[in-house]
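The structure under discussion appears below in the form of structure tokens.
All of the numbers you see were taken from the coordinates with simple rules; none came from a lab. In this text, all values refer to a predicted model and were calculated from it rather than measured experimentally. So basically every Cβ, Gly included, is an ideal-geometry build from the backbone, and we count neighbours across all protein chains shown.
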Amino acid sequence: MIDWAYVVEILPPLLRALGVTVEATVAGMALALVLGLVWALLQRSAGRVAAAVTRGAVDFVRSTPLLVQVYFLFYAMPEFGVTFSPLATGILALGLHYSAYTAEIYRAGIEGVPRGQWEAALALNLSRWDTLRRVILPQALPPVVPALGNRFIALFKDTPMLSAITVLELLQTAKILGSESFRYFEPLTLVGLLFLGLSLVSAWGVQRLEARLALHG
């Protein structure tokens, strides 16, 4: 039977931990969106060396587990004098890992723009930066919003991995509460419901953004 008094007792700390989870998700995705666009543009740069190095780095990040990257940034980087707090390290790891995927999404969107758009911008004597900013990206980004939204939800569900470096996110807090009372059913059930609720809200938000972009062309 569910102990509702216990549910009421553990709900406040779980909600505080949910705030940490949301913070890591939003900050990590913001970093992934920015870095992913940088990687996508570098892969299309005129310099062959820069393009090849970027492509190799993206493939390497995509081919290694997120948990390994989290451990490396937290335990290995201090050997080189680079130290961050557990939460900052987790955000950095999430951002770097998912930037490799957003880079491929951006690249697909950019390559989906008809070549005639590039040629028209060249005929108008636009610089490469103006061509990307005013012509290509406004056409490339709206179609890839659903794929980026899926990555956002996937990143949200990967935040429990940060518990490996002592970040007190939602799942780690539930495990601590369960170990203190030897009751795991209630905290883990609440964790599942909170993850489900926020995933549904995130999916709804992505759909609304997609519809808004479609409405405004």
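I'd like the residue in segment 174-201 that is touching a residue at least 40 places away in the same chain (Cβ under 8 Å) and either part of a loop (DSSP other than H, G, I, E, B) or aliphatic (A, V, I, L, M) (or both) and, out of all such residues, is farthest from MET161 (Cα to Cα).
Of everything passing the filter in segment 174-201, ARG183 is farthest from MET161 (Cα to Cα).
If you go through segment 8-61, how many residues are among the β-branched types (Val, Ile, Thr) and within 16 Å of the chain's Cα centre (by Cα)?
The first filter runs over segment 8-61 and keeps only residues among the β-branched types (Val, Ile, Thr), leaving 8, 10, 20-22, 25-26, 34, 38, 49, 53-54, 58, 61.
Going one step further and asking which of them are within 16 Å of the chain's Cα centre (by Cα), we end up with 20-22, 25-26, 34, 38, 58, 61.
Qualifying residue count for the region: 9.
Kindly indicate the residue of segment 119-137 that is farther than 24 Å from ALA57 by Cα and crowded, with 17+ Cβ neighbours inside 10 Å and also nearest to the chain's Cα centre (by Cα) among those meeting that condition.
Filtering first and then ranking leaves ILE136.
Against the definition (buried (at least 19 other Cβ atoms within 10 Å of the Cβ), assigned to a helix (DSSP H, G or I) and in contact (Cβ under 8 Å) with a residue 24 or more places away in the chain), how does LEU171 come out, yes or no? Can you show your working first?
Details: buried (at least 19 other Cβ atoms within 10 Å of the Cβ): yes; assigned to a helix (DSSP H, G or I): yes; in contact (Cβ under 8 Å) with a residue 24 or more places away in the chain: no.
In short, no.
In segment 1-31, what count of residues is obtained for those that are in a helix (DSSP H, G or I) and of a type in the set (Asp, Glu)?
Total meeting the criteria: 2.
Mind checking which residues of segment 7-43 are touching a Leu at 6+ places or on another chain (Cβ under 9 Å), surrounded by 15 or more Cβ atoms within 10 Å (Cβ to Cβ) and not hydrophobic (A, V, I, L, M, F, W, C)?
Of everything in segment 7-43, those that are touching a Leu at 6+ places or on another chain (Cβ under 9 Å), surrounded by 15 or more Cβ atoms within 10 Å (Cβ to Cβ) and not hydrophobic (A, V, I, L, M, F, W, C) turn out to be PRO13, THR21, GLU23, THR25, GLY28, GLY36.
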